[in-house]
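Report on the following structure.
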Amino acid sequence: MQNYTEKVMEHFMHPRNVGEIPDADGVGTVGNPVCGDVMRMYIKIKDNIITEAKFKTFGCGSAIATSSMVTEMVKGKTIEEALKISNRAVAEALGGLPPIKMHCSVLAEQALKKALADYYRKIGKDPSSFEPLDEHSH
């Protein structure tokens, strides 16, 4: 077992906000074909504030922990604040990740940005300024 912090283990064993939001305002799905992690994030937005965030993640403990942490971090934030959440901030909030698992925090950040991009498209705004590129589209 790698050196995971207590916080990572806590979010892995008891992840927050697991599930789907059937009437989500934005849904973002990202995957890393190399390690097989897949994350799907659902968000609800009211008056520019993220009121709810849920996720479904298939992957390792770090993938689940980072998904859980991101959903906790974005609740109550404005879209602009949520867009500033970096993978580093997610890792730091978890007390750090082993270097080999940092990509999980990148996936969590990308899933969030994709969900926000989905919301932007639904309301007729252009998300190209922040939407992560799909690895598969190159």
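Taken together, the values in this text are just the output of simple stated rules run on the coordinates, not laboratory data. Nothing here was measured: the structure is a model prediction, and the numbers come from that model. A quick note on method: Cβ atoms are made from the backbone with ideal geometry, for glycine too, and the neighbour counts reach across all protein chains shown.
Of note:
- Ordering of 3-16, 67-80 by packing is 67-80, 3-16, highest average first (other Cβ atoms within 10 Å, averaged per residue).
- Relative contact order of segment 6-120: 33 percent, from C-alpha pairs under 8 Å at least 6 residues apart in sequence.
- Net charge contributed by nearby residues that have their C-beta within less than 11 Å of Ala91 (K/R +1, D/E -1): +1
- Dipole moment magnitude, nearest 20 debye, the chain about Cα centre, only Lys, Arg, Asp, Glu C-beta charged: 100
- Take the Cβ atoms of Lys46 and His14, set R0 to 22 Å, and the FRET efficiency comes out at 0.20.
- FRET efficiency for the Asn3 to Lys56 pair, using the beta carbon distance and R₀ = 25 Å, is estimated at 0.40.
- For the set Lys7/Lys84; Lys75/Lys114; Lys84/Lys114; Lys54/Lys125; Lys75/Lys101; Lys56/Lys84, the pairs lying more than 20 angstrom apart at their alpha carbons are Lys7/Lys84; Lys54/Lys125; Lys75/Lys101; Lys56/Lys84.
- Each 5 Å bin, from zero up to the one with the longest distance, holds this percent of the alpha carbon pairs of the chain: 2, 11, 23, 25, 20, 12, 5, 2, 0, 0.
- Cα-based helix-to-principal-axis angle, 61-74 vs the chain, degrees rounded to 10: 40
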